[in-house]
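Have a look at the structure below, then the notes.
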Amino acid sequence: MTDKTKKNYIEDIFNSIGNYVSKEKEEELREKVSISIKAKIFSDEIEECLNSRDFSHVGLLDNSSDDKAFMFSTIFPIFIKVRDATFRLYKHKVEIMLSDDMKDRFVYIFSDGRLTSGEFKCYKLYEDEYVYIIKRIIENIPKFESALKEEIHNLDAEIDEVDKKKDTSKIQLDKAKNNYKLLLDMLK
């Protein structure tokens with residue numbers, strides 16, 4: 001191996017290490033931004049409201065919580081339409097449609113700050129497209145919060161309605177059982 005080959009080899013190793021370190025740092029920065037965005041959208045107040053209404057952990061044998069658990073799952077996605085763009089908020093991501101073109105559709109994942117286009121291109125924090133889309137999400141945080149609160153309010157109204165229907169059904173079933181006994185007794 002010549003000195004020039006050794007030098008190129010060593011430079012390649014240093015460049016690889018430098019690229020790896022800067023890639024790790026960029027990912028870390030994206031993750032910090034995404035955690036902050038998610039924390040703003042799903043504030044403590046919103047999280048408390050959502051968690052207090054999630055009945056999926058109730059494992060009653062008679063499945064009486066199934067209706068409520070299903071209704072809770074219908075909160076998401078939350079749709080927001082702003083300036084010809086459509087946002088769909090889920091607990092773990094935001095989908096953005098700027099137009100009907102696949103290149104104008106994006107998915108932003110909260111866990112790692114990953115932004116991917118409909119053409120499966122992944123954007124980095126140093127790219128203008130990334131910054132533009134994330135700014136659009138940040139600008140709409142108050143609208144996401146408002147829509148979440150409205151959906152929670154609607155859920156509460158629906159849960160009350162289910163509870164009333166269950167109470168009415170129980171009353172009707174009890175009355176049907178009594179009438180059944182009465183009629184069978186008359187047949188004896």
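Using R0 = 35 Å, the C-beta based FRET efficiency linking residue 149 and residue 102 works out to 0.60.
Once you have the Cα-Cα distance between residue 186 and residue 48, take 0.36 nm times their residue separation minus that, and quote the gain in nm to one decimal. Walk me through the intermediate numbers first.
Details: separation 138, 0.36 × 138 = 49.68 nm, distance 5.53 nm.
Extending this stretch completely gives an extra 44.1 nm.
Extension gain, residue 76-residue 175: 0.36 nm per intervening residue step, less the Cα-Cα distance, totals 31.8 nm. The label point for residue 39 and the one for residue 122, both projected 7 Å from the Cα toward the Cβ, are 2.5 nm apart.
Every read-out reported here was derived from the displayed coordinates using simple, explicitly stated rules and does not represent laboratory data. Please read all numbers here as calculations on a predicted model, not as lab measurements. Reconstructed Cβ throughout: ideal geometry from the backbone, glycine too, with neighbour counts over all protein chains shown.
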